[in-house]
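Working notes for the structure below.
The values are calculated or read from the model by the stated rules, or taken from the named source; none is laboratory data. Model, not experiment: these values are computed from the prediction. Positions of Cβ are backbone-derived with ideal geometry, glycine not excepted, and every protein chain shown enters the neighbour counts. Calculation scope for accessible area: heavy atoms of the full protein, side chains included, ligands and nucleic acids excluded. Shrake-Rupley method; radii C 1.70, N 1.55, O 1.52, S 1.80 Å.
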Amino acid sequence: MTALTQFQPAPLDREARFYVAGHKGLVGSAIWRRLESEGFENLIGRGSSELDLKDREAVFAFFASNKPRYVVLAAAKVGGILANSTYPVDFLSDNLRIQVNVLDAAREHGTERLLFLGSSCIYPKFAEQPIREESLLTGHLEATNDAYAIAKIAGIMHVQAIRRQYGLPWISAMPTNLYGPGDNFSPEGSHVLPALIRRYDEAAASGTPIVTNWGSGSPRREFLHVDDMASACLHLLENYDGPEQVNVGTGQDVTIKELAGIVAEAVGYSGAINWDTSKPDGTPRKLLDVSKLTTSGWTASIDLVSGIRSTVDWYKSNIDHIRD
Ligand SMILES: NC(=O)c1ccc[n+]([C@@H]2O[C@H](COP(=O)([O-])OP(=O)(O)OC[C@H]3O[C@@H](n4cnc5c(N)ncnc54)[C@H](OP(=O)(O)O)[C@@H]3O)[C@@H](O)[C@H]2O)c1
């Protein structure tokens, strides 16, 4: 218990074994690239086909033989509203098991520094905007992804409990909506930004004159490029310690209508953009308060327009092997 009070964040050892759980995903692959570019020499990654993190015995065996000194937990079952509301059991059960196995095994096998990744959906549906870290557990969750959110909240609590019981300086970060190379563009599983990229790109290719989106387009949302997210993760590991989760975002939001306009221009779609106001809008605004992160010395550097342009370029050149 004494180690925690004395812990001072410091640059990580570039030669230490560093396990990125979920290194093939949107976030994990960006973290992997970032760590490589920062000179980390002993990165460890396992795809879900090699190591199913739901399998407790396999996870313990992996940690016993690899003994990573650092871990980022970016492996999770992730999806948009449709997937979350159709398969709530999978989002609850898979994520709880992945987290409990990785956190328990990392603790058992001596991981010193660990970053757990949650999501902004952990905050109450009607949290005051911008959403501060202190809003956690102050109100009801959004019903469409409450099972996923509860699993993520359990992960934050697990990290806090490990800090209290074992004195380890592990931390949690809560990113806003992320986008970038490697995203999920499938019609069933994707989030709003990749879904818009795919929809407008296909409309541009087929010469469709009108694309209709759900809702009024007036809700405001925040988007962070995943390379910025990766940079923030390393920054937190090297500069932050504390029990409270840290919000990660840009601190700026746009309307979905503005977002659609940026995407349409980036893919070269020049047809009409319609809004079906008979469909629900969801929460009017969702913006994270990032003052804690800013105070620790980090701010986002990739602006939304250029981030979307480069993501569209990536999408177009990888269209034959994107996830479906
Ligand atoms: N995307 C966002 O907008 C967003 C926003 C906020 C927070 N986050 C958080 O960031 C983290 C990563 O999200 P992401 O967007 O990178 O998701 P993603 O692209 O779907 O990647 C998830 C990764 O998890 C791995 N995984 C899933 N189930 C596994 C299992 N049973 N065993 C081993 N590996 C497993 C997958 O491995 P394989 O590829 O090998 O199957 C995949 O690489 C999540 O905790 C999520 O909550 C994401």
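Which of the strands (runs of 3 or more DSSP E) found entirely inside the range 190-276 contain at least 3 residues meeting this: touching a Cys at 6+ places or on another chain (Cβ under 9 Å), touching a residue at least 24 places away in the same chain (Cβ under 8 Å) and open to solvent by 10 Å² or more (accessible area, probe 1.4 Å)?
Working: elements: 210-214, 223-225, 246-248, 272-276.
So the answer is none; nothing clears 3.
Residue-by-condition table, conditions (1) open to solvent by less than 40 Å² (accessible area, probe 1.4 Å); (2) at pLDDT 95 or above; (3) over 16 Å from Gln245 (Cβ atoms):
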| position | (1), (2), (3) |
| --- | --- |
| Phe126 | no, no, yes |
| Ser135 | yes, yes, no |
| Glu142 | no, no, yes |
| Gly167 | yes, yes, yes |
| Phe185 | yes, no, yes |
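Across the range 14-44, which residue is farthest from Ala64 (Cα to Cα) among those that are in a loop (DSSP other than H, G, I, E, B) and within 9 Å of the ligand (Cβ to nearest atom)?
Keep residues of the range 14-44 that are in a loop (DSSP other than H, G, I, E, B), which gives 14-16, 22-25, 38-41.
If we keep only those that are within 9 Å of the ligand (Cβ to nearest atom) too, we end up with 22-25.
Numbers: Gly22: 19, His23: 19, Lys24: 22, Gly25: 24 Å.
The qualifying residue farthest from Ala64 (Cα to Cα) is Gly25.
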What's the number of the condition Ser48 fails, among (1) more than 9 Å from the ligand (Cβ to nearest atom); (2) of a type in the set (S, T, N, Q); (3) in a loop (DSSP other than H, G, I, E, B)?
(1)
Go through (1) of a type in the set (Gly, Ala, Ser); (2) in contact with a Phe, Trp or Tyr (Cβ under 9 Å, 6 or more places away or on another chain); (3) farther than 21 Å from Phe223 by Cα for Ala83 and report which single condition fails.
(3)
Here are the criteria: (1) out of contact with any Ser or Thr (no Cβ under 8 Å at 6 or more places or on another chain); (2) farther than 24 Å from Lys152 by Cβ. Tell me which single one Ala21 does not satisfy.
(2)
Does the range 37-51 contain at least one residue that is within 25 Å of Thr176 (Cβ to Cβ), of a type in the set (A, V, I, L, M, F, W, C) and either open to solvent by 50 Å² or more (accessible area, probe 1.4 Å) or under 20 Å from the mean Cα position of the chain (by Cα) (or both)?
no
